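Following: one structure in structure tokens, then a few remarks.
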């Protein structure tokens, strides 16, 4: 499994998967388009950030065996109306 987006939600998912080895999922890493100064640091125990979103499409499933992809971005915020 690969996770798109190095966010708090995505890291929480990675921790949950690592705590449940019988879930049948193997996390290969994270893919994120943002620069390293704009995204959360992903520990190597979770595979680290291994590419951008274009690389995710290229990698899966040929070279990594990834058959599951999860988007780890939070839902968009509702628009803010001027007061």
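Could you say which residue among 6, 14, 10 is modelled with pLDDT of 85 or more, in a loop (DSSP other than H, G, I, E, B), surrounded by 14 or more Cβ atoms within 10 Å (Cβ to Cβ) and within 12 Å of the chain's Cα centre (by Cα)? Outline the logic, then answer.
Values: 14 fails: in a loop (DSSP other than H, G, I, E, B); 10 fails: in a loop (DSSP other than H, G, I, E, B).
6 is the lone residue from the list that is modelled with pLDDT of 85 or more, in a loop (DSSP other than H, G, I, E, B), surrounded by 14 or more Cβ atoms within 10 Å (Cβ to Cβ) and within 12 Å of the chain's Cα centre (by Cα).
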Among the residues of the stretch 28-37, is there at least one that is touching a helix residue (DSSP H, G or I) at 6+ places or on another chain (Cβ under 7 Å) and modelled with pLDDT under 80?
no
When you check residue 68 against the structure, is it out of contact with any helix residue (DSSP H, G or I) (no Cβ under 9 Å at 6 or more places or on another chain) and at pLDDT 90 or above, yes or no?
no
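The values are calculated or read from the model by the stated rules, or taken from the named source; none is laboratory data. Just so you know, these numbers come straight off a predicted model, no measurement behind them. Positions of Cβ are generated from backbone atoms using ideal geometry, with glycine treated the same way; all protein chains shown enter the neighbour counts.
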